[in-house]
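Asker: Let me give you the structure first, and then I'll get to my questions.
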Amino acid sequence: MSDDPYSLAGKRLLVTGASSGLGRAIAIACAGRGAAIVATGRDEPRLGDTRAALEGDGHAVVVADLNEAEGRNKVIAACGTLDGIVHSAGISRLSPMRLATPQHLADVWKINYEAPMLMTQKLLAKNLVAANGSILFMSSIAAYIGVAGVGAYSGTKAALIATMRCMAMEVAKRGIRVNCLAPALVETPLLAATESIVASLDAQRAAYPLGFGKPADVANAAVFFLSGASRWITGTTLVMDGGLTIS
Ligand SMILES: NC(=O)c1ccc[n+]([C@@H]2O[C@H](COP(=O)([O-])OP(=O)(O)OC[C@H]3O[C@@H](n4cnc5c(N)ncnc54)[C@H](OP(=O)(O)O)[C@@H]3O)[C@@H](O)[C@H]2O)c1
């Protein structure tokens, strides 16, 4: 065993949303620190690209739609006992609240909140999270600040934080930790999709003292939360925003 507290050697981690953006960067960073990754997403070719970028052995890839019970069960069946989970699958949809339809609310809720909660519930119920395991939800700065057009999305991200705290209390007796990351804008395909709708993100970019984030910035934080270096940290949310909320 390594005496590097940031090592992930010997750990088995589930990373959802591993076919793109933050999930892909997290899977790659964790494999680089010695973890075996169960990588899941819907897009088989992009998931294959992630798999090809993973260092080391013991990785598994599962193509699945996490909005479907069948997809979630398929992933759980491939997991084995996990030392950590990163729930990075998620979507962003824009709508002012006065125009938000039931479908809009349901779409963001289902994958951003319901799917990670149902996955975690089942993994815990089946005792597939090892003692001293670490569970990480992907919240967002949107849980803390008001931005026109992202009301439903922001609600899902705030809900993750609230439930994460309760779950942290429930599993602490098993030594399992539960935390959230709350990034502001990071340069991923999700951000590119937003930019294509709102025309320009120049005003937002100017509000970030350290600029927009890179996927590796979030991946490095995830490595910390999944490793023994964070063994005394649970129930917290790490805001990572390049100085946005202090500026
Ligand atoms: N980028 C940012 O600025 C930012 C900031 C704060 C928080 N976040 C959060 O970080 C997470 C990842 O965002 P990202 O920027 O990496 O987005 P992304 O590049 O669009 O990736 C989203 C991932 O979620 C997966 N996914 C979506 N719906 C799914 C479903 N029904 N079943 C299974 N997988 C599904 C996608 O899989 P396929 O592509 O294979 O379908 C993809 O791997 C999200 O929760 C997002 O809200 C992002």
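Asker: What helices (runs of 4 or more DSSP H), lying completely within the range 172-247, carry at least 1 residues that are under 24 Å from residue 116 (Cα atoms) and touching a Gly at 6+ places or on another chain (Cβ under 7 Å)?
Answerer: In the range 172-247, the matching helices (runs of 4 or more DSSP H) lie at 189-198, 215-226.
Asker: Also: Restricting the range 94-116 to residues that are of a type in the set (A, V, I, L, M) and within 13 Å of the ligand (Cβ to nearest atom), which is surrounded by the fewest Cβ atoms within 10 Å (Cβ to Cβ)?
Answerer: 106
Asker: Are there any pairs, at least 6 apart or on different chains, whose C-beta atoms fall under 8 Å, with the first in the range 189-215 and within 20 Å of residue 43 (Cβ to Cβ) and without any contact (Cβ under 8 Å) to a residue 12 or more places away in the chain and the second assigned to a helix (DSSP H, G or I) and away from the ligand (no atom under 13 Å from the Cβ), and if so, which?
Answerer: Close Cβ pairs (under 8 Å, with a partner that is assigned to a helix (DSSP H, G or I) and away from the ligand (no atom under 13 Å from the Cβ)) do not exist here.
Asker: Of the residues that sit in the range 159-189 and are within 12 Å of the ligand (Cβ to nearest atom) and surrounded by fewer than 19 Cβ atoms within 10 Å (Cβ to Cβ), which one is modelled with the lowest pLDDT?
Answerer: Ranking the qualifying residues of the range 159-189, first place goes to 189.
Yes/no matrix, rows are residues, columns are (1) of a type outside the set (Val, Ile, Thr); (2) out of contact with any Phe, Trp or Tyr (no Cβ under 9 Å at 6 or more places or on another chain):
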| residue | (1), (2) |
| --- | --- |
| 103 | yes, yes |
| 121 | yes, yes |
| 130 | yes, yes |
| 136 | yes, no |
| 140 | yes, no |
| 148 | yes, yes |
| 181 | yes, no |
| 188 | no, yes |
| 197 | no, yes |
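Asker: Can you tell me which residues in the range 119-139 are out of contact with any helix residue (DSSP H, G or I) (no Cβ under 6 Å at 6 or more places or on another chain) and open to solvent by 30 Å² or more (accessible area, probe 1.4 Å)?
Answerer: Those that are out of contact with any helix residue (DSSP H, G or I) (no Cβ under 6 Å at 6 or more places or on another chain) and open to solvent by 30 Å² or more (accessible area, probe 1.4 Å): 121, 125, 126, 127, 132.
Asker: Just to be sure I understand the filter: pairs with C-beta atoms under 6 Å, separated by 6 or more residues or on different chains, first member in the range 131-158 and modelled with pLDDT of 95 or more, second member β-branched (Val, Ile, Thr) and within 11 Å of the ligand (Cβ to nearest atom). Which pairs pass?
Answerer: Correct list of pairs: 136/86; 142/150; 152/108; 153/108; 156/108.
Let's see how each residue does on (1) in a loop (DSSP other than H, G, I, E, B); (2) more than 13 Å from the ligand (Cβ to nearest atom); (3) surrounded by fewer than 17 Cβ atoms within 10 Å (Cβ to Cβ):
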residue: 7; (1), (2), (3): yes, yes, no
residue: 18; (1), (2), (3): yes, no, no
residue: 22; (1), (2), (3): no, no, no
residue: 28; (1), (2), (3): no, no, no
residue: 37; (1), (2), (3): no, yes, no
residue: 58; (1), (2), (3): yes, yes, yes
residue: 72; (1), (2), (3): no, no, no
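The values are calculated or read from the model by the stated rules, or taken from the named source; none is laboratory data. On a predicted model such as this, the values are computed, not experimentally measured, just so you know. When we count neighbours, we look across all protein chains shown, and the Cβ atoms used for this are built from the backbone with ideal geometry, even at glycine. Heads up: the accessible areas ignore ligands, DNA and RNA and are worked out on the full protein's heavy atoms, side chains in. Shrake-Rupley method; radii C 1.70, N 1.55, O 1.52, S 1.80 Å.
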